[in-house]
1. Once the other residues with Cβ under 12 Å from the Cβ of ASP227 are scored (Lys, Arg +1; Asp, Glu -1), what is the net sum?
2. Taking amide H positions as placed in the peptide plane 1.01 Å from N, state which residues far from ASP209 in sequence (5 or more) or on other chains have amide H under 5 Å from it.
3. To the nearest 0.05, what FRET efficiency results for LYS13 and THR207 with a Förster distance of 45 Å applied to their C-beta separation?
4. Give, rounded to the nearest 20 debye, the magnitude of the charge dipole that segment 123-305 has about its Cα centre when Lys and Arg contribute +1 at Cβ and Asp and Glu contribute -1 at Cβ.
5. Between ALA59 and LYS113, what is the spin-label point distance in nm, taking each point 7 Å from the Cα along the Cα→C-beta axis?
6. Taking every alpha carbon pair in segment 160-308, what does the distance histogram look like in 5 angstrom bins from 0, in percent?
7. So if R0 is 45 Å, what FRET efficiency would ASP184 and VAL98 give, r being the distance between their Cβ atoms, rounded to the nearest 0.05?
8. Solvent-accessible area of GLU249, probe 1.4 Å, all protein chains present, reported in Å² to the nearest ten, please.
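The values are calculated or read from the model by the stated rules, or taken from the named source; none is laboratory data. In this text the structure is predicted, and so the values were computed from the model without any measurement. A quick note on method: Cβ atoms are made from the backbone with ideal geometry, for glycine too, and the neighbour counts reach across all protein chains shown. Each accessible area value is taken on the protein alone, full model and side chains, heavy atoms only, with ligands, DNA and RNA left out. Shrake-Rupley method; radii C 1.70, N 1.55, O 1.52, S 1.80 Å.
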Amino acid sequence: MGSRVDKTVKEIKSLKIQGARNVAKAGIRAIMYAVEDSRAKTVNGVKADVIKATLKLSAARPTEPMLRNYLDETIGFITCEIAGVKTRSVAKFRASVVKNENEYLKQMDADIKRLREYGATLLTSGMNIVTHCHSSSVTGVIKEAHKRGKKLRVTCCETRPRYQGRITAKELARAGIDTTITVDLGVTGFLKKADIVLVGADAITSTGDLINKVGTSGLAHLARDHDVSFFSCAETYKYDPLSLYGVKERIEQRNPKEVWERPPRKVKVSNPAFDVTAARYINGYITEAGIVSPSSLAGIAKKKLEGD
Ligand code: RUB
């Protein structure tokens with residue numbers, strides 16, 4: 001197995017690659033590395049190397065169905081390709097897998113473009129927006145609305161313990177948007193005058209519940225208390241098909257040292273990466289298929305994943 005796959009896994013685990021879309025994209029690219037770097041001499045040998053790579057990649061961050069959905073499609077593709085292919089040429093097989101992965105990247109680009117456009121229609125000039133963590137989907141929507149001439153003010157939660165809110169704040173300020181960062185619970189004061197909360201998504205369940213950066217669920221409760229709309233910007237590939245069968249999303253526990261390098265003895269440290277926001281707190285999902293209610297998301301996503 002090529003070491004470029006291992007490097008990607010390391011970068012995903014260490015958060016050098018951060019956010020569900022970036023993780024999925026890196027996973028797709030790593031499949032191309034696995035194909036290119038495989039030393040196997042037969043099509044089945046290359047296939048085995050690709051499958052090994054998919055297993056390593058999907059284990060890198062457990063709460064990322066978008067990555068898993070694309071990896072599952074890759075496995076489906078190589079299985080069909082082997083069954084249907086007339087030649088046993090390794091070179092042709094490699095080329096067909098690389099082409100297939102490039103199609104996934106193109107699909108992701110087309111989907112995010114549509115999502116940004118739908119999201120931008122929801123934002124109007126003068127709006128106060130609250131965000132949490134760093135989601136490329138959220139910043140994409142806000143920057144698209146800004147490009148369309150809408151005057152927006154954004155408050156970013158800093159997002160302890162890894163401060164991804166700083167990435168959001170930097171990106172938005174650089175784009176010329178009026179941006180403030182606050183300590184996480186300082187957001188309560190801002191919600192009094194906020195119009196909308198926009199967050200990303202790592203996973204969405206069959207009942208429309210949202211799994212996103214820890215703190216999202218508390219923010220959703222506060223938004224409801226202050227009568228502020230709460231939307232998640234999420235491509236439908238964030239939907240986890242396993243949730244339909246009652247499988248609970250695994251919440252990744254991160255290194256306790258991120259919270260406290262050397263805690264006193266007898267102090268236990270908890271560091272969950274994500275939490276679950278119940279569908280009833282979510283006004284809607286901004287997706288590539290339009291702005292949809294939590295209860296209709298699974299149906300739309302299922303159709304897309306099944307290729308209808
Ligand atoms: C990032 C996070 C983001 C989602 C969506 O967590 O929770 O909201 O991943 O991001 P982490 P995107 O920093 O732990 O990866 O919209 O870019 O897919």
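1. On the way: positive: LYS192, LYS193, ARG224; negative: ASP195, ASP225.
Neighbour charge sum, excluding ASP227 itself: +1.
2. Those lying under 5 Å, H to H, from ASP209 are ALA279.
3. Values: r = 29 Å, r/R0 = 0.65.
Step by step, r from the Cβ atoms, then E = 0.95.
4. Values: 28 positive and 18 negative charges, 79 e Å.
Roughly 380 debye for segment 123-305.
5. Taking the two extended label points, one gets 3.8 nm.
6. All Cα pairs, binned at 5 Å, distribute as 2, 9, 16, 18, 19, 16, 11, 7, 3, 1, 0, 0 percent.
7. Values: r = 42 Å, r/R0 = 0.94.
That pair, ASP184 with VAL98, gives E of 0.60.
8. For GLU249, solvent-accessible area is about 30 Å².
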